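J.: Right, I'll just put the structure down here and ask away after.
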Amino acid sequence: MNEKILVVDDVPQNVMLLADLLEVKGYQTLRAESGEKALELIRSERPDLVLLDVMMPGINGYEVCQAVRADASTGILPIILVTALDPAQERIKGLEAGADDFLSKPINQPELMARVRSLLRIKSLYDKVEQQSKELAEFNHTLEGRVAEGIEQLDRLGRLKRFFSPAVADLILAGGADDPLKSRRREVTVVFLDLRGFTAFTETADPEEVMGVLREYHKAMGELIMKHEGTLERFAGDGIMIFFNDPVVVDNPSANAARMAFEMQESFKRLSQGWKKRGYSLDMGIGIAQGYATIGAIGFEGRIDYGAIGVVTNLSARLCGEAKGGQILVAQRVLASIEDMVTAEPVGELSLKGFHRPFAVFNVTALN
């Protein structure tokens, strides 16, 4: 056993007798022959129990007891008062001073050991509760930190899901993809789509009708963006810009873009049929371009978005502008990446606004 017991008595023979008896039973002992020395050892050695004589010169046993109880760090230290005085009278004084138990001189050894074991058992249980309390406090502190971190992660995940599919957002948070807000240059495939006849529709329809159509359109297209793990750059009224190959790199971003574009046109056909029954005549054109762009955070503190800047984004927007309802127009570089998986027909060399040279443009009509 590792329990440490402090024996305090101004008579050295009494100290020796009690200490030897306790050591034979396997306890460690500390010895003090005055109240002052006892308090010093209690502070420095932290015993598990004190056998304390009452009548001592200087600081007596009651005063030692009171000093121990007044100190928060030793307030629960078990104390057995040892006295040769009238036990009944001394018990009241001892209780008032803070003693836990009493022994009368001369000491009865079996009684001594029984009381020592009982108080040490109580002290052990208290220590265990105290340790569990500390562990619980530490756990709660750690839990608060984890909860705060979790809330921050959920908040960041919510922001990321404005632009990325849930799987990509989770990947970014887990460190499996580039930080989307850090500026970088990368080759991407950009898809731009918008509606044909939308301006005329807004001039004649009620605002509530316009918003209803946009909600249906954005929902249908948004689901396909998420399905194909595209990166949503922005919604701008009826215009939507998506790109592939950032922040997650893919083997053939143009192939992903083409598959998504075909599903979008099929989905739009179903939407368009419902709108026609309500008197709305709308179609959708899509343009796809491939090239390098600078990607990262755009905006200012308090309003930061994620975007791509470069010729490729302008090219995809211009191709979309040239596309008729139902068409998917691609630049030659895109066709070179997907020619084994699609059927395409040349549209010709188109002069696009903002570009000095014409571009060879192709209408992709089917997936093979």
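J.: Can you say whether Phe235 is surrounded by fewer than 16 Cβ atoms within 10 Å (Cβ to Cβ) and among the aromatic types (Phe, Trp, Tyr), as far as the supplied structure shows?
T.: Values: surrounded by fewer than 16 Cβ atoms within 10 Å (Cβ to Cβ): yes; among the aromatic types (Phe, Trp, Tyr): yes.
Criteria met by Phe235.
J.: Of everything in region 206-242, what is hydrophobic (A, V, I, L, M, F, W, C) and modelled with pLDDT of 90 or more? Give them in sequence order. Break it down stepwise before answering.
T.: The first filter runs over region 206-242 and keeps only residues hydrophobic (A, V, I, L, M, F, W, C), leaving 210-211, 213-214, 220-221, 224-226, 232, 235-236, 240-242.
Selection gives Val210, Met211, Val213, Leu214, Ala220, Met221, Leu224, Ile225, Ile240, Met241, Ile242.
J.: Take the residues in region 33-53 that are within 44 Å of the chain's Cα centre (by Cα) and under 18 Å from Val15 (Cα atoms); name whichever of them is surrounded by the most Cβ atoms within 10 Å (Cβ to Cβ). Explain how you work it out, then say what you get.
T.: Here is the first cut: in region 33-53, the ones within 44 Å of the chain's Cα centre (by Cα) are 43-48.
Next cut, under 18 Å from Val15 (Cα atoms) only: 45, 47-48.
Values: Glu45: 11, Pro47: 22, Asp48: 20.
Checking each candidate, the answer is Pro47.
J.: Let me ask something additional. Given the conditions (1) loosely packed, with under 12 Cβ neighbours inside 10 Å; (2) assigned by TED's automatic domain parsing to the domain that holds Leu21; (3) at pLDDT below 85, which single one is not true for Glu144?
T.: (2)
J.: A further question follows. Please pick out the residue among Ile59, Ile92 that is hydrophobic (A, V, I, L, M, F, W, C), modelled with pLDDT of 90 or more and over 55 Å from the mean Cα position of the chain (by Cα). Talk me through it step by step, then tell me what you get.
T.: Details: Ile92 fails: modelled with pLDDT of 90 or more.
Step by step, each of Ile59, Ile92 is checked, and only Ile59 is hydrophobic (A, V, I, L, M, F, W, C), modelled with pLDDT of 90 or more and over 55 Å from the mean Cα position of the chain (by Cα).
J.: Can Gly75 be described as at positive phi, surrounded by fewer than 18 Cβ atoms within 10 Å (Cβ to Cβ) and free of Cβ contacts under 8 Å to residues at least 40 places away in the same chain? Steps first, answer last, please.
T.: On the way: at positive phi: no; surrounded by fewer than 18 Cβ atoms within 10 Å (Cβ to Cβ): yes; free of Cβ contacts under 8 Å to residues at least 40 places away in the same chain: yes.
No, not satisfied.
J.: Residue by residue through region 310-336, note down the ones that are over 18 Å from Phe198 (Cβ atoms), among the small types (Gly, Ala, Ser) and surrounded by fewer than 19 Cβ atoms within 10 Å (Cβ to Cβ).
T.: Across region 310-336, the qualifying residues are Gly310, Ala336.
J.: To continue, here is another question. Return the residues of region 54-72 that are surrounded by 14 or more Cβ atoms within 10 Å (Cβ to Cβ), within 22 Å of Asp127 (Cβ to Cβ) and free of Cβ contacts under 8 Å to residues at least 40 places away in the same chain; say none if nothing qualifies.
T.: The answer is Cys65, Ala67, Val68, Arg69.
Matching residues to (1) among the β-branched types (Val, Ile, Thr); (2) in contact with a Lys or Arg (Cβ under 9 Å, 6 or more places away or on another chain):
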| site | (1), (2) |
| --- | --- |
| Ala200 | no, no |
| Glu203 | no, no |
| Asp206 | no, no |
| Gly212 | no, no |
| Tyr217 | no, no |
| Ala220 | no, yes |
| Thr231 | yes, no |
| Ile240 | yes, yes |
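J.: Looking for whichever is over 32 Å from the mean Cα position of the chain (by Cα) and crowded, with 16+ Cβ neighbours inside 10 Å here; the options are Met221, Met264, Met241. Which one fits? Quick ask: steps written out before the conclusion?
T.: Values: Met221 fails: over 32 Å from the mean Cα position of the chain (by Cα); Met241 fails: over 32 Å from the mean Cα position of the chain (by Cα).
It is Met264.
J.: Based on what the data block shows, is Ala84 in contact (Cβ under 8 Å) with a residue 24 or more places away in the chain and surrounded by fewer than 14 Cβ atoms within 10 Å (Cβ to Cβ)?
T.: yes
The values are calculated or read from the model by the stated rules, or taken from the named source; none is laboratory data. Only a predicted model underlies this, so the values are computations on that prediction, with no experimental measurement involved. Counting neighbours? That spans all protein chains shown, and the Cβs are built from the backbone with ideal geometry, glycine included.
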